[in-house]
1. Would you work out what percent of the accessible area of the chain, with all protein chains in place, is carbon or sulfur (probe 1.4 Å)?
2. At 7 Å along Cα-to-Cβ for each site, give me the label-to-label distance between Glu230 and Glu174 in nm.
3. If I take every Cα pair under 8 Å that is 6 or more residues apart in the chain, average their sequence separation and divide by the length, what percent do I get for the relative contact order?
4. Compute the distance in nm between two label points, each set 7 Å from the Cα along the Cα-to-Cβ direction, one at Leu19 and one at Asp216.
5. Per residue, how large is the accessible surface of the chain? Use a 1.4 angstrom probe and give square angstrom.
6. Would any residue of the range 1-20 have its amide N under 11 Å from a label point 7 Å out along Cα→Cβ of Glu49? List them or say none.
7. For the chain, would you read off the P(r) tail past 28 Å as a percentage of all alpha carbon pairs?
8. Sorting check: for 100-106, 161-167, 184-190, which peptide has the highest mean count of neighbouring beta carbons within 10 Å, and how do the rest follow?
Amino acid sequence: MRTFELLEALADQGGSASLSRLAEASGLPLPTIHRLVRTLVDLGYVRQEASREYVLAPRLIRLGESAGRMLSTWAMPHLARLVDFLGETANLAMLDGDQIVYVAQTPGLHSMRMFTEVGRRVSPHCTAVGKALLADHSEADVRALLRRTGMAEHTEHTITDPQTFQDQLAWVREHGYATDDGEQEIGVRCVAVKIPNVSSRIAFSISGPAPRMTQDLIDRAVPLLVNAAEDLSAELSSTALS
């Protein structure tokens, strides 16, 4: 279990960190960190750079691809039900390092609908799923991530101020869901909820054209997203225990 905790800690640092930074992030003793890292290096999942920092190695890609396919399979029935109830496109996305990656999608029922290519990577500061997944991070970790990724201005509505973004995360914590109002793409509105009680940082979202994604639809979507998130969480937990 500690080995996986260490891999997650390294991923949270953007995929590259020193031993001391890993010890600080994971809370594990430095000798334990050193022993686990050497094992991961020997297995090919981590490599040491000339800077003496450790980085995630390409061998993890194979595991990630398999896990992504399985996660997509488990999520698809929930995405389909969300579309049936709401009519708009439903997505499953995850925080992978410093980026949001879309893992699965069920298109909406309308002729004009949102489409995000599975595997697409975007910055978390301008997406509902990014806000939903960063809301439980410490302020220091969020600011560090924003420094690493920058806060590129994709539209006139994109949040580019770190404190304003932190205020948004406080709102998410209070209300239990996140929104993106044309911050990634003009005319597109999204609402997202984090999948609780799972080790992977994943979230469900609904996206559609702003004129259809009214506050009424968002109010209807949130409890459905919460229920879907709780159901998927229970399925993933039971699978892990079986």
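The values are calculated or read from the model by the stated rules, or taken from the named source; none is laboratory data. Just so it is clear, the structure is predicted and the values come from calculations on it, not from any experiment. When we count neighbours, we look across all protein chains shown, and the Cβ atoms used for this are built from the backbone with ideal geometry, even at glycine. Ligands, DNA and RNA are stripped out before the accessible areas are found, and what is left, the full protein with its side chains, is counted by its heavy atoms. Shrake-Rupley method; radii C 1.70, N 1.55, O 1.52, S 1.80 Å.
1. On the way: 6400 of 12130 Å².
Carbon and sulfur: 53 percent of the exposed surface of the chain.
2. 2.3
3. Working: 395 pairs, mean separation 36.8, N = 242.
Rounded, it is 15 percent for the chain.
4. My value for the distance between the label points is 6.2 nm.
5. Details: 12130 Å² over 242 residues.
Per-residue accessible area for the chain comes out at 50 Å².
6. Of the residues in the range 1-20, 14-18 have backbone N under 11 Å from the label point off Glu49.
7. Working: 9840 of 29161 pairs.
Tail of the P(r) past 28 Å holds 34 percent of the pairs.
8. Values: 100-106: 21.9, 161-167: 13.7, 184-190: 19.9.
Taking the mean over residues of other Cβ atoms within 10 Å, the ranking is 100-106, 184-190, 161-167.
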